[in-house]
Structures are given as C-alpha cells and as structure tokens.
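Below: one structure, written as structure tokens.
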Amino acid sequence: MRTEYDFRCGVRGKHYRTMQAGYTMTIRKADGTTVVKDVMPKEGIVVLEPDTRAYFPNSESVNRALRCLIPLLPKKHTAKPKRA
C-alpha cells in the first residue's frame, strides 16, 4: 500500500449487514456497454462474529463443535399439514 492511503478511520465490517442481503454490481466496459450482476450470498454460508473467531478459526472447528451439540437437541419432528 502507498503511504498516502490513510485507513486509520476505517471501520471493519461497516457494510457487512448490507452485503449479507445481496447487492448489484455494474461493470462498465471500455466499449461503452455495461454488464449488471446480482450477487447473492452462497447457500449455507455462515459468517462468524469477531468474538468467536478466536475459538473457531476454520470451518472444521465450527462443524466439530456443532456435531457435539446436535445430540443434545430434541429430536426434530416434521410438522403435520393443517386441515382446512
């Protein structure tokens, strides 16, 4: 990075919530055309808050912890369809 770039007032995660909702990206090409892309978060993606990252540095550690918790949860029941 160049020395003239000043990131002292930067806020980590400032746009986090907005990005989780998805966003639109407009790409302007040299020939004058534009391409619009809708970017949505991938299915199944979980983002850890900063205070938990020290305990769960990677997806393997998160999955290991969750698998230990699953037996403690009540059995999942399927909902019966309601009659009209």
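The values are calculated or read from the model by the stated rules, or taken from the named source; none is laboratory data. A quick note: this is a predicted structure, and the numbers were derived from the prediction, not measured. Using ideal geometry, Cβ is built from the backbone for each residue, glycine included, and neighbour counts are taken over all protein chains shown.
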message = Return the pair list, or none, for Cβ contacts closer than 7 Å from residues in segment 39-53 that are under 11 Å from GLN20 (Cβ atoms) to residues that are surrounded by fewer than 10 Cβ atoms within 10 Å (Cβ to Cβ) and not hydrophobic (A, V, I, L, M, F, W, C), at least 6 apart or on different chains.
response = none
ask   = Do any helices (runs of 4 or more DSSP H) entirely within segment 1-80 hold 1 or more residues that are among the aromatic types (Phe, Trp, Tyr), and if so, which?
value = 16-20
query = Here are ALA54, ALA21: which of them is exposed (fewer than 10 other Cβ atoms within 10 Å of the Cβ) and at pLDDT below 85?
reply = ALA21
